[in-house]
Amino acid sequence: MAKRKKRNWAAPDVGPSLPPVTPALQSPRRRVPTGIRRPSYALTGEPGPSRSALVRTPEEIVAMRRAGRVAAEVLLEAGSMVGVGVTSDEVDRVVHEATVEKGGYPSPLNYRGYPKSVCTSVNEVICHGIPDSRPLADGDIVNIDVTVYIDGVHGDTSATFLIGDVDPASVRLVVETLASLELGIAACRPGGPVSDIGRAIEGHANKHHLGVVREFIGHGVGIDFHSNLQVPHYFDRHHSEALEIGTSFTIEPMLTLGSPDVAMWDDGWTAVTVDGCRTAQFEHTLLMGEQGAEKITVTGSGECAHQTVLETVA
Ligand code: MF3
Ligand code: CO
Ligand code: CO
């Protein structure tokens, strides 16, 4: 185990100190129409062991492109309806309805018992925030993480959106987290080691005095929501597995303004920063090709919600 450098996280500007996010009311469970193909865990909550290959067949690649496109479309729709006063439960309703309307199953629903159709992670919530009755407030940042199951495969993508007038430290966090994802993607070489990804992301985070969350990582995605491939967002030379052509996986860095250490809420899902400082995340599903890693969570015209976030910053 490599030793982790001790750092002074109270360093430059760690963002606003506001009341912490607290749990609010969850709405009743939403239904998926019969006729929509369900993943293995939809009934039981248990995905079982991952047995699928890491490399996709040509037929599976066609399906992955569709799942990726639908996930990107749903994330764009979710991003266009967030704003001051909108509750995360309303985001969940829009994601749920848009997904089933396109013929997909919202992958989070009942995955290991998760109660909702999307993850909504506000401010110091790192990931897996459960949608509830809390209205988004002026100055919040919210990650919306959409996964769609369609044609037998999952497409997984997320973006962090700015709500109203956001402080400069949080804007910087959001912009540099997205930049770190892009650098992680650019670091992927066919046959190259997975560890190149974490090296690129961690290098960027260090340069900008941002923390890298270690407890949650990118993953193989396809037939299974989470397959056996692990994609850390920090450098670990032990992750020398090769990114073979045809591998489908996510990169989804979570960076922090303060310490990247994690605490869990009693709900068993919501992960927050221990120090209460803010955190942001962006995610794409990727397909390893000869020319590099291809983003497949984009629309038919190559767009995604990541660009719309950057437009709100300028
Ligand atoms: N979409 C998340 C990821 O990027 C996983 C969410 S699992 C859930 O891996 F159960 F919380 F939905
Ligand atoms: Co993911
Ligand atoms: Co995700």
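The values are calculated or read from the model by the stated rules, or taken from the named source; none is laboratory data. Predicted model only: the values in this text are computed from it and were never measured. All Cβ positions, glycine included, derive from the backbone under ideal geometry; neighbour counts span all protein chains shown. Just so you know, the surface numbers come from the protein's heavy atoms only, side chains and all, with ligands and any DNA or RNA stripped out. Shrake-Rupley method; radii C 1.70, N 1.55, O 1.52, S 1.80 Å.
Hey, can you tell me all the residues within the range 110-122 that are more than 8 Å from ligand 1 (Cβ to nearest atom), part of a loop (DSSP other than H, G, I, E, B) and open to solvent by less than 10 Å² (accessible area, probe 1.4 Å)?
Of everything in the range 110-122, just one residue is more than 8 Å from ligand 1 (Cβ to nearest atom), part of a loop (DSSP other than H, G, I, E, B) and open to solvent by less than 10 Å² (accessible area, probe 1.4 Å), namely 117.
Checking residue 167 against (1) touching an Asp or Glu at 6+ places or on another chain (Cβ under 8 Å); (2) of a type in the set (D, E, K, R); (3) farther than 30 Å from residue 246 by Cα: exactly one of these is not met. Which one?
So the condition that residue 167 fails would be (1).
Considering each of 62, 74, 55 in turn, give the residue that is aliphatic (A, V, I, L, M), on the phi < 0 side of the Ramachandran plot and either within 16 Å of ligand 3 (Cβ to nearest atom) or open to solvent by less than 50 Å² (accessible area, probe 1.4 Å) (or both).
That would be 74, the only listed residue that is aliphatic (A, V, I, L, M), on the phi < 0 side of the Ramachandran plot and either within 16 Å of ligand 3 (Cβ to nearest atom) or open to solvent by less than 50 Å² (accessible area, probe 1.4 Å) (or both).
Looking only at the range 193-231, count every residue that is open to solvent by less than 10 Å² (accessible area, probe 1.4 Å) and in contact with a helix residue (DSSP H, G or I) (Cβ under 8 Å, 6 or more places away or on another chain) and tell me the total.
9
Of all residues in the range 1-45, count the ones that are aromatic (Phe, Trp, Tyr) and at pLDDT 95 or above.
Final tally of qualifying residues: 1.
The conditions are (1) in a loop (DSSP other than H, G, I, E, B); (2) surrounded by fewer than 20 Cβ atoms within 10 Å (Cβ to Cβ), and residue 188 fails exactly one of them. Which is it?
It is condition (2) that residue 188 fails.
Which is away from ligand 2 (no atom under 16 Å from the Cβ) and at pLDDT 95 or above, of 121, 133?
Details: 121 fails: away from ligand 2 (no atom under 16 Å from the Cβ).
Exactly one residue qualifies, and that residue is 133.
Is there any pair linking a residue in the range 137-159 that is free of Cβ contacts under 8 Å to residues at least 12 places away in the same chain and farther than 17 Å from residue 303 by Cβ to one that is open to solvent by 10 Å² or more (accessible area, probe 1.4 Å) and not acidic (Asp, Glu), with Cβ under 6 Å and at least six apart or on different chains, and which?
That search, which allows pairs on different chains as well, returns nothing.
Can you tell me how many residues within the range 227-259 are within 16 Å of ligand 2 (Cβ to nearest atom) and farther than 24 Å from residue 145 by Cα? It would help to see each step written out before you state the result.
Quick first cut of the range 227-259, residues within 16 Å of ligand 2 (Cβ to nearest atom) only: 227-233, 247-255.
Filter once more, keeping what is farther than 24 Å from residue 145 by Cα: none.
So the count comes out to 0.
Quick test for you: out of 275, 266, pick the one residue that is in contact (Cβ under 8 Å) with a residue 12 or more places away in the chain and acidic (Asp, Glu).
275
Could you count how many residues in the range 282-314 are part of a loop (DSSP other than H, G, I, E, B) and surrounded by 14 or more Cβ atoms within 10 Å (Cβ to Cβ)?
6
Consider residue 135 carefully, then state whether it is under 25 Å from residue 213 (Cα atoms) and either in contact with a Gly (Cβ under 8 Å, 6 or more places away or on another chain) or within 16 Å of ligand 3 (Cβ to nearest atom) (or both).
no
Can you work out which of the residues in the range 232-252 that are among the small types (Gly, Ala, Ser) and buried (at least 16 other Cβ atoms within 10 Å of the Cβ) is farthest from residue 286 (Cα to Cα)?
246
From 266, 236, 275, 224, grab the single residue that is part of a loop (DSSP other than H, G, I, E, B) and under 20 Å from residue 160 (Cβ atoms). Don't jump to the end; show me each part of the working.
Numbers: 266 fails: under 20 Å from residue 160 (Cβ atoms); 236 fails: under 20 Å from residue 160 (Cβ atoms); 224 fails: under 20 Å from residue 160 (Cβ atoms).
Step by step, each of 266, 236, 275, 224 is checked, and only 275 is part of a loop (DSSP other than H, G, I, E, B) and under 20 Å from residue 160 (Cβ atoms).
Give the residue that is nearest to ligand 3 (Cβ to nearest atom), with candidates limited to residues of the range 91-117 that are touching a residue at least 40 places away in the same chain (Cβ under 8 Å) and farther than 20 Å from residue 43 by Cβ.
Applying the filter and picking the extreme gives 95.
Within the range 151-185, which residues are part of a helix (DSSP H, G or I), β-branched (Val, Ile, Thr), within 16 Å of ligand 1 (Cβ to nearest atom) and within 21 Å of residue 141 (Cβ to Cβ)?
Our first condition is that a residue be part of a helix (DSSP H, G or I); within the range 151-185, this holds for 168-185.
Right, trim to β-branched (Val, Ile, Thr) and you get 171, 174-175, 177, 185.
After this cut, where a residue has to be within 16 Å of ligand 1 (Cβ to nearest atom) as well, the list is 177, 185.
Correct list: 177 only.
Run residue 255 past the list (1) closer than 24 Å to residue 14 by Cα; (2) outside any strand (DSSP E or B); (3) open to solvent by less than 30 Å² (accessible area, probe 1.4 Å) and report the number of the one that doesn't hold.
Exception for residue 255: condition (2).
Per-residue answers, yes or no, for (1) surrounded by fewer than 24 Cβ atoms within 10 Å (Cβ to Cβ); (2) on the phi > 0 side of the Ramachandran plot; (3) over 16 Å from the mean Cα position of the chain (by Cα):
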| position | (1), (2), (3) |
| --- | --- |
| 106 | no, no, no |
| 134 | yes, no, yes |
| 137 | yes, no, yes |
| 148 | no, no, no |
| 153 | no, no, yes |
| 157 | no, no, no |
| 168 | yes, no, yes |
| 181 | no, no, no |
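When the range 39-51 is examined, which residues are found to be polar (S, T, N, Q) and surrounded by 15 or more Cβ atoms within 10 Å (Cβ to Cβ)?
50
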